[in-house]
1. Please enumerate the residues belonging to region 153-164 that are more than 8 Å from the ligand (Cβ to nearest atom) and surrounded by 24 or more Cβ atoms within 10 Å (Cβ to Cβ).
2. Residue check: is GLY195 assigned to a helix (DSSP H, G or I), in contact with a Cys (Cβ under 9 Å, 6 or more places away or on another chain) and open to solvent by less than 30 Å² (accessible area, probe 1.4 Å)?
3. May I ask you to list the residues in region 209-223 that are touching a residue at least 40 places away in the same chain (Cβ under 8 Å), away from the ligand (no atom under 16 Å from the Cβ) and buried (at least 19 other Cβ atoms within 10 Å of the Cβ)?
4. Give me a count of the residues in region 69-105 that are without any contact (Cβ under 8 Å) to a residue 40 or more places away in the chain, under 17 Å from ILE115 (Cβ atoms) and open to solvent by 30 Å² or more (accessible area, probe 1.4 Å).
5. Go through region 269-283 and give me each residue that's of a type outside the set (Val, Ile, Thr) and surrounded by 14 or more Cβ atoms within 10 Å (Cβ to Cβ).
6. Sort through VAL254, VAL266 and tell me the only one that's on the phi < 0 side of the Ramachandran plot, touching a residue at least 24 places away in the same chain (Cβ under 8 Å) and surrounded by 22 or more Cβ atoms within 10 Å (Cβ to Cβ).
7. Testing VAL145 on (1) open to solvent by less than 10 Å² (accessible area, probe 1.4 Å); (2) among the hydrophobic types (A, V, I, L, M, F, W, C); (3) under 18 Å from the mean Cα position of the chain (by Cα), one condition comes back false. Which one is that?
Amino acid sequence: MRTVFWEQGEVVVIDQRRLPQTLEYKRCNDYRQVAVAIKDMLVRGAPAIGATAAYGMALAAKQYCGLDKRGFLLKMEEASKTLAATRPTAVNLFWALKEIERVIELNSDKEPVEIYRMVLDTAEKIAGDDIETNRKIGEYGSRLVPPGANILTHCNTGSLATVEFGTALGVIRAAHRQGKNVHVFVDETRPRLQGARLTAWELVQDNIPATLIPDSASGMLMKDGRVDLVLVGADRIALNGDTANKIGTYNVAVIARENHVPFYVVAPTTTIDFDLENGDQIIIEERDRREVTHIDDMAVAPEGVGVFNPAFDVTPEKYITAIITEMGIIERPFGENLRRLKQKIKGEG
Ligand code: MRU
């Protein structure tokens with residue numbers, strides 16, 4: 001299932017807020033609608049956000065390629081700023097916007113209509129590469145999944161969080177397709193219920209055996225020896241391996257360590273922030289209090305109560321067994337191995 005695509009000059013996304021009740025698509029013909037789709041979480045999940053922003057830039061290029069060059073370039077700058085201001089934590093968003101900006105800059109001597117074509121091609125490439133990357137991640141990651149494994153996962157890292165295949169859920173999918181007979185414990189993932197609404201939905205669609213649990217049950221399951229490994233995604237990985245992911249990931253990691261359960265982070269290399277030394281500098285998005293006080297329109301808390309609603313937390317690298325990427329499995333020590341990877345990707349130290 002494809003989460004985001006370009007069709008007849010428009011950006012089409014699945015409105016994930018409507019799942020699992022309805023599979024509904026939203027068509028955007030203005031880049032500002034794309035920005036709202038990211039901010040309001042019609043589209044969410046780090047790689048999906050990155051690809052959607054890239055398509056948003058293609059849409060802006062289409063909207064403004066009739067202007068003179070200066071006007072066009074100014075509008076593109078404005079579009080990039082608007083898209084960058086949607087969500088602060090997932091680095092894929094900023095990575096994708098940088099890729100597009102680089103193409104615009106390298107071709108700024110060309111006519112706007114030519115630049116539009118190039119921006120669209122780049123957005124299509126970012127989306128296509130994400131699909132390919134996730135399949136490779138699935139191949140590598142599934143080697144770490146023993147037959148009959150009980151896997152615990154948090155949030156949604158599936159088709160919906162990427163362009164098509166998924167990261168942590170891609171590994172699960174690959175292991176299932178290899179006939180490994182896996183079973184998945186799905187954290188419901190309060191407050192937005194990405195686990196219950198999205199991951200459980202994807203697993204049921206794929207006929208992968210799954211059990212939905214309240215987030216607070218994962219400790220008991222691990223203590224009772226009922227979980228063989230944990231697979232989670234990431235929104236930003238620092239150079240030392242510290243990993244930002246959906247709020248509650250840290251709790252899972254600590255309990256996994258306490259109970260000797262391997263804890264794997266699964267992500268494309270576009271989720272690694274090679275400019276960031278450690279997780280302390282990661283900006284953690286805080287979202288609306290209503291996400292905690294209400295379920296849909298029903299209040300589940302008294303009106304006057306204070307609310308703290310961080311969307312992500314940072315798991316210190318010491319709790320992470322390995323990081324599974326499309327370029328292979330990164331083992332500890334992460335500081336050393338991620339620097340080596342940086343050198344390979346960027347050709348610098
Ligand atoms: O707030 P969300 O739903 O965008 O958060 C998503 C996550 O935290 C995912 O685990 C992460 O983006 C990895 S998705 C492959």
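1. First, pick out the residues of region 153-164 that are more than 8 Å from the ligand (Cβ to nearest atom): 153, 159-160, 163-164.
The answer is THR153, SER159, LEU160, VAL163.
2. Details: assigned to a helix (DSSP H, G or I): yes; in contact with a Cys (Cβ under 9 Å, 6 or more places away or on another chain): yes; open to solvent by less than 30 Å² (accessible area, probe 1.4 Å): yes.
Yes, satisfied.
3. Scanning region 209-223 gives a single hit, MET222.
4. Final tally of qualifying residues: 10.
5. ASP273, PHE274, LEU276, ASN278, GLY279
6. On inspection, the qualifying residue turns out to be VAL266.
7. Among (1) open to solvent by less than 10 Å² (accessible area, probe 1.4 Å); (2) among the hydrophobic types (A, V, I, L, M, F, W, C); (3) under 18 Å from the mean Cα position of the chain (by Cα), the lone unmet condition for VAL145 is (3).
For every residue, the table says whether it meets (1) touching a residue at least 24 places away in the same chain (Cβ under 8 Å); (2) of a type in the set (Phe, Trp, Tyr); (3) under 30 Å from VAL232 (Cα atoms).
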| site | (1), (2), (3) |
| --- | --- |
| ARG2 | yes, no, yes |
| TRP6 | yes, yes, yes |
| ASP40 | no, no, yes |
| ALA60 | yes, no, no |
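The values are calculated or read from the model by the stated rules, or taken from the named source; none is laboratory data. Nothing here was measured: the structure is a model prediction, and the numbers come from that model. As a convention, Cβ positions derive from the backbone with ideal geometry for all residues, glycine included, and neighbour counts pool all protein chains shown. Quick note on the areas: whole protein, heavy atoms, side chains included, nothing else; ligands and nucleic acids left out. Shrake-Rupley method; radii C 1.70, N 1.55, O 1.52, S 1.80 Å.
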